[in-house]
Amino acid sequence: MALALYLIGAPRCGKTAVFDALTHTPAGPNFTVKGGHRYGTVKVPDARLAALRDLYQPKKYTPAEVTFVDVTPPGGEAAKFGEVTGLLGTADALVLVVQAFGEFDHAGKPLDPVAQMESVLLELAVCDLEKVERRLERIEHDRQRSGKAPEVERRALQRCKEQLEKEQPLRTLEFHGEEEKILRTFQFLSLKPLLVVADIAEARLDGSGLESLEAAASERGLTLLRFCAPLEAEIASLDPAEQAAFLKDYGLAEPARLRLIHAAYRALKLASFFTVGEDEVRAWTISDGTAAQAAAGKIHTDMERGFIRAETVSAEALLKAGAWSKCREDGTLRLEGKEYVVRDGDVINFRFGA
């Protein structure tokens, strides 16, 4: 399943232009429209996976995928996020686009990127607070009727309420065990990982004039990326050779799409392992710290239930050896048990019983 990154922001902040920069290709725009929202799914480039494809020449090649969603509330850009909380709740992470170009915002007021960012963050917290209060009222109503209440849930929600009333996001709280499991069902927006994208003018590619926004994002523990959306969309539309030249000219290490994907993987603490063979070479996305048996379940539940062992080698060692059998001879192929923590870049062949 593709990693889902949902773009949000104030009216006319440049969100749609950023979406274009993320989804444009040399063949043109690559997105679909569903329910008024735009969805663009892209492959996650991985040099290790591409090299494994070249080695195995498989019938099928399956990189990981990321879906970017340009969210538009039913009432248009001026509508509130409360109208799309159900949709936003399905996101793996939120990408907050902040206008950092021009002199005035959508309302004709002097541009203040920090205030714009804080306004959206507050709106997300208010959406969560309303949800928390409704649920606490329901719990209290049921308690008065039956004399019983789900205490773990009530205490966790009370902690959430206190945090949100201080206009602080839930992601800065720590939850454990049953609390974490219960709160996951609410799909709270301020609990989700969040990245900030400053949509800048071309003259500010060096970050000049963004000091206040960078400081505000850092203070909140948020990653800030800088995109000049029109320029990035133009670069994304070029063929790879021309892209590389343009990126170099503008002092950019990677296209916007890759910079955001890499930042999202870091924020979500994700890793990739690979499966290889003549039929398919494929990347699988997992959370850091995932054990081998659980990783097998990403492929098929039968593999997880009947897990025996994981034949494991790093992609680098396999590519150097040139063959699975040579890795066995060299001693770089390991037999790992169900508790083995899968590492980013592992190539794994799972052994399992029916």
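The values are calculated or read from the model by the stated rules, or taken from the named source; none is laboratory data. Quick caveat, the model's predicted, so the values are computed rather than measured. Neighbour counts run over all protein chains shown; Cβ positions are idealised from the backbone, glycine included.
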(message) Looking at (1) under 30 Å from TYR6 (Cβ atoms); (2) crowded, with 18+ Cβ neighbours inside 10 Å, which one does ILE299 not meet, given that it meets all the others?
(response) (2)
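Go through ALA245, ALA253, ALA241 for me and flag whichever is exposed (fewer than 14 other Cβ atoms within 10 Å of the Cβ), modelled with pLDDT under 90 and assigned to a helix (DSSP H, G or I). Show your work before the answer.
Numbers: ALA245 fails: modelled with pLDDT under 90; ALA253 fails: assigned to a helix (DSSP H, G or I).
After ruling out the rest, the residue left standing is ALA241.
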(request) Find all pairs meeting these conditions: Cβ atoms under 8 angstrom apart; at least six residues apart or on different chains; first residue within segment 325-339 and surrounded by 15 or more Cβ atoms within 10 Å (Cβ to Cβ); second residue part of a loop (DSSP other than H, G, I, E, B) and not β-branched (Val, Ile, Thr). (result) CYS327/LEU333
(request) List the number of the failed condition for PRO11; all other conditions in (1) touching a His at 6+ places or on another chain (Cβ under 6 Å); (2) buried (at least 23 other Cβ atoms within 10 Å of the Cβ) hold. (result) (2)
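Would you mind finding the one in VAL197, VAL114 that is surrounded by fewer than 18 Cβ atoms within 10 Å (Cβ to Cβ) and within 30 Å of THR67 (Cα to Cα)? Lay out the reasoning, then the answer.
Details: VAL197 fails: surrounded by fewer than 18 Cβ atoms within 10 Å (Cβ to Cβ).
Every option except VAL114 fails the conditions.
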(request) Give the number of residues within segment 170-203 that are touching a Gly at 6+ places or on another chain (Cβ under 9 Å) and not aliphatic (A, V, I, L, M). (result) 7
(message) Can you tell me which condition THR332 does not meet? The list is (1) part of a helix (DSSP H, G or I); (2) within 22 Å of LEU49 (Cβ to Cβ), and all the others hold.
(response) (1)
